[in-house]
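To start, the structure itself, in structure tokens.
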Amino acid sequence: MRTTRHAVAVTLGALTGAALGIAGTSLALWSDTVTVTGRLSTGHEYFAVGAPGATVPAPTGSAPFTVGPDHAAELVRDGAIALPIQVDSLSQGNKGLHYTVTPPASWGENVFGAAQVSIFPVGSVEACHVDADIPTDVDLASTPVPATYTSDTEATTELWCLLAAYDGPPQVGEYTNTATVTATDPSGTEVDDEDRWDAVVVRELDPAAEQEHEITFTYETFRPGEER
Amino acid sequence: MTPRHTPPRRGRRRRSPGPLVAAAALLAGAVGAGGTVALWSSDGSSPMGVVTAGDLDIDLVGSPVWRETSADVTGTPRAIEPADFLARPGDTVTLAQDFRTELQGDNMLGRITVDWEQPPALAVGVSATYSVRDSADALVVEDVALGDAGTLAPLDTDDDGRSDTFTLEVTIAFDREMDDRFAADAAAQVADLGTVVIDLDQVRAGEGFTS
């Protein structure tokens, strides 16, 4: 802010007056000036999803966490996998941030399709393990940032756990074979016998052929009074 | 010939008696040419007497006051520090700056204008207007787009002088639908008011003047 002032000193004198009279010129009038400046800037938001310590920003508003053949192979090998997922959220100023977690509509017909897959929030990376208790009535949404004004620069971190348990390929059928034999022994007595064996038919699953599945994390910001 | 504006005389406060020989000569020359004259100067003296100038002055009063006025935010309006405030789509903010004018003198007519030395720079989705209120809180300039000049009605005075206080109010709105800024390394969306210039000019036009 600064103030400038312009005042024109006018020399008084007949000579000047005469000069003006000849030229018909107006003398400068007084003026004074003050100036005002100001500037505002916007805050920002941030959202990133990924493995702990390796999140990927989602400027489009949506971020996938992908599981695929490698995870399927691990699932077949170990019978269960637990994958922690980190979600970083930040929204400055008067906007909050809310996000939803959307599992794939179908886990397909391969290994993950044959597994029991759950997604639920956890308090730490360590809490996401194959023996973790799976909560019931999981709300696949969160509001990590309220719409209360904040100038925070550090993102709020939340963790989710994708837990999959695999008991082998799914059974698709059964086969029973019964063999019966009838004969007459040397004494002329008729004898018979029967034997049977059963087989279970399972789907042939190939982890290497597992398609990639996306768990989608989608965020939106909201103003005060619009809390989700 | 240029008629002089002759407002009703009241008790003179600053003008000293005595013939203003030099000024008269100057005036005579100007009148003779049909020109308009402004004879303001700093106080000065001559062997023939003392000429005392009138007064024309404008000053800011206090510091600018920034307030967040977002209607959906609890606790507003509230004072903010503009350098620290992080605006988001949907926010509204006002700036209020008081300024005072001082005018004194026969034939003194002052005109206040609001204009820009450096034009404002508003990000897409940001709009801003300004108004000017007088000391009675009446709007004397209302909702002019930032960057457009505004002029107040002239202020008349006499030797007694007058002092007026006004408030420049700038309202800045960040549209709810404007793009959000993602991540700290994204360029900030700025609402830069530019350099608002409030001028107080002596004028010799209008009622009582023919030029």
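Every number here is computed from the coordinates shown, using simple stated rules; none is lab data. What you see is a predicted model; the values in this text were computed from it and never measured. Counting neighbours? That spans all protein chains shown, and the Cβs are built from the backbone with ideal geometry, glycine included.
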State, to one decimal in nm, how far the label point of A:Ser187 lies from the label point of B:Leu139, with both points 7 Å from Cα in the Cβ direction.
12.2 nm
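Net charge within 12 Å of A:His71 by Cβ-Cβ distance, Lys/Arg positive one each and Asp/Glu negative one each, not counting A:His71 itself?
Summing Lys/Arg as +1 and Asp/Glu as -1 gives -4.
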Size of the dipole of region B:132-176 about the Cα centre, Lys and Arg at +1 and Asp and Glu at -1 on the beta carbon, nothing else charged, in debye to 20?
300 debye
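Before anything else, pin down the relative contact order of chain A: Cα pairs under 8 Å, at least 6 apart, normalised by residue count, whole percent.
Working: 440 pairs, mean separation 61.5, N = 228.
The value is 27 percent.
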Once the Cβ-Cβ distance between B:Thr74 and A:Gln171 is put in as r, and R0 is 45 Å, what FRET efficiency do you end up with, to the nearest 0.05?
0.15
Positive-end residue of A:Ala51, A:Tyr149, A:Phe222, charge dipole of chain A with Cβ unit charges:
A:Tyr149
Given the -39500 (n - 2.57) contribution per DSSP H run of 4+ residues, what per-residue ellipticity at 222 nm results for chain A, rounded to the nearest 500 deg cm²/dmol?
-3000 deg cm²/dmol
For region A:106-117, 3J(HN,Hα) per residue [Karplus equation, 6.51 cos²θ - 1.76 cosθ + 1.60, θ = phi - 60°, Hz, x = Gly/Pro]:
9, 8, x, 10, 10, 4, 5, x, 8, 9, 9, 10
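Note down the net charge around A:Ser151, summing +1 for each Lys or Arg and -1 for each Asp or Glu among other residues with Cβ under 15 Å from its Cβ.
On the way: positive: A:Lys95, B:Arg78, B:Arg88, B:Arg181; negative: A:Glu45, A:Asp152, A:Glu154, B:Glu68, B:Glu81, B:Asp84, B:Asp91.
Result for the neighbourhood of A:Ser151: -3.
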Add +1 for every Lys or Arg and -1 for every Asp or Glu among the other residues with Cβ under 10 Å from the Cβ of A:Tyr166, and state the total.
-2
If the label point sits 7 Å along Cα→Cβ of B:Ala188, residues of region A:34-48 with amide N under 12 Å come out as A:39-44
Using a 7 Å offset from Cα along Cα-Cβ at B:Trp116, what residues in region B:53-97 end up with backbone N under 11 Å from the label point?
none
Amide H of A:Gly38 versus every other amide H placed in the peptide plane: which residues, excluding those fewer than 5 positions away on the same chain, fall under 5 Å?
B:Leu193, B:Gly194
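Want the number for A:Asp206 to A:Asp78: 0.36 nm per residue separation, take away the alpha-carbon distance, what's left? Write down the numbers at each step before the final one.
Numbers: separation 128, 0.36 × 128 = 46.08 nm, distance 1.48 nm.
Full extension of this stretch gives 44.6 nm more.
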Need one number: nm distance between label points at B:Asp179 and A:Arg196, each 7 Å from Cα along Cα→Cβ, rounded to one decimal.
7.2 nm
Relative to chain A, whose Cα atoms define the longest principal axis, helix A:69-78 and its Cα axis are tilted in degrees, nearest 10, by 50 degrees
Per 0.36 nm of contour for each residue apart, how much would the distance between A:Asp152 and A:Glu126 grow if the chain were fully extended, relative to their Cα-Cα spacing?
6.7 nm
Taking the Cα centre of chain A as the origin, how large is its charge dipole in debye, to the nearest 20, when only Lys and Arg (+1) and Asp and Glu (-1) carry charge on their Cβ atoms?
3280 debye
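Average partner chain C-beta neighbours within 10 Å, per residue of B:122-129?
Working: counts 1, 3, 0, 1, 2, 0, 2, 0.
Across the residues of B:122-129, the mean count of other-chain Cβ atoms within 10 Å is 1.
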Positive end of the charge dipole of region B:56-202 (Lys, Arg +1 and Asp, Glu -1 on Cβ, about the Cα centre): tell me which of B:Ala128, B:Gln202, B:Val140 has its Cα farthest that way.
B:Ala128
